[in-house]
1. Based on the Cβ-Cβ distance from residue 322 to residue 297, what FRET efficiency comes out when R0 is 41 Å, to the nearest 0.05?
2. Every cysteine in the chain with no other Cys Cβ under 4.7 Å from its Cβ, please list them in numeric order.
3. Can you pull the percent of Cα pairs in the chain with separation above 30 Å?
4. Can you list the DSSP H helices in the chain whose Cα atoms extend at least 27 Å along the helix axis and whose mean Kyte-Doolittle hydropathy is -1.0 or higher?
5. Out of 20, 42, 218, any idea which swings most in a Gaussian network model of the chain, alpha carbons joined below 10 Å?
6. For the chain, with only Lys/Arg (+1) and Asp/Glu (-1) charged at the beta-carbon, what is the dipole magnitude about the Cα centre, in debye rounded to 20?
7. Give the distance, in whole Å, between the Cα centre of the stretch 280-343 and the Cα centre of the stretch 63-102.
8. Running a GNM on the chain with Cα contacts under 10 Å, which residue among 55, 133, 249 ends up with the highest mean-square fluctuation?
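Please treat every number below as a calculation from the coordinates, not as lab data. None of these values were measured; they are calculated from a predicted model. FYI the Cβ positions are ideal-geometry reconstructions off the backbone, even for glycines, and counts take in every protein chain you see.
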Amino acid sequence: MDLGVCVASKIDDIDYVVRAEELGYSHAWMADSQMIWSDPYACLALAAQRTSTIQLGTGVAVAATRPAPVTAASIATINRLAPGRTFLGIGTGNTAMRIMGHKPMRIAEFDDYLTALAPLLKGEESAVEWRGQTSLVRHIMPNDGFVNFEDPIPLYVSGFGPKSLALAGKHGDGAVLSIPPNPSFMENVWRGVERGAEAEGRTIDRADYLTCSLSTIAVLEDGEAVDSERVKAQCGAFAIASLHYSYDQFRNFGRPPSGPIAEFWDEYRAVVEQTEPERRHQRVHGGHNCWVLPEEEKFLTAALLDATCLVGTRDQLIERLRDLNDAGLDQLMILPPFDPRYEVLETVGTEVLPYV
């Protein structure tokens, strides 16, 4: 199994990607959330100049904030700097859109977007709908040194539910996931991807189709508890992000969460809903995947940490990653909290990565 890193894009911290390459991580997925972090394409350009082997791309780009030709030109520019090691991960914008008070792109819109985007990533002409008008669009200077379409740019589609997984099968060279670190979930993933491919007349070769899931890892010390302060520091922000997602789902669809979140759901809602409704969309994602807000620390239970992150001894983690790989997951990308990110990168890179 490959291990990659999902990077909270920060324009003056390209050393993090450089060190990930040195340790043997396969991919650097630069996150795209315009009202939280730096611009991912600016960060990718700098990373391309300072690395030589690690795969570089978006993790994931947000379809709703950029027209398809802009996305294609942006990633093809990075491909000019890092030929043959550039990829595009793309999704509907669950966090990036909600932080602005909007819902992610609808599935039908995302389908149309991907249909327009795929030819553009190859430098081909595409019918692009924008502002109510459909026009034929292509990069008219593809061979003059501005972009690179000659080296393929793999398209990895983010999918959480069956409909988006079907789009990953219909359009993608791979699927970007955020599933619990449990091998049993992979069969549902493959079912959704292959159903979408079959509807389009495609046949998915599992050996050539990338599956990558987002999580994070903490290596336990001897006798250490899953909910120790050190583990909370290394995994807490990722675990708490699952509450942010659950609140958005509840607000949109009225469905309260199950599992470990259900134990404190009413108390968590009360914390979030202290913020006035017109600004609540900003509050929900406070500290998103970087740190835990003080008032949310009490929700970091052992059950939540275990359900959302990979926490275990070195040998346990190696076994769990191999089980995930056997179930059909090709890569796990880790997103540690901001402050201990180098420590986590180093520990996982030296104690786990060489053995998976």
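1. After rounding, the FRET efficiency stands at 0.80.
2. Taking the Cβ cut-off of 4.7 Å, the unpaired cysteines of the chain are 6, 43, 212, 290.
3. Here the tail beyond 30 Å accounts for 35 percent of pairs.
4. What comes out of the filter, once short or polar helices are dropped, is 229-253.
5. 42
6. The dipole of the chain has a size of about 1060 debye.
7. 24 Å
8. Maximum among the listed residues: 133.
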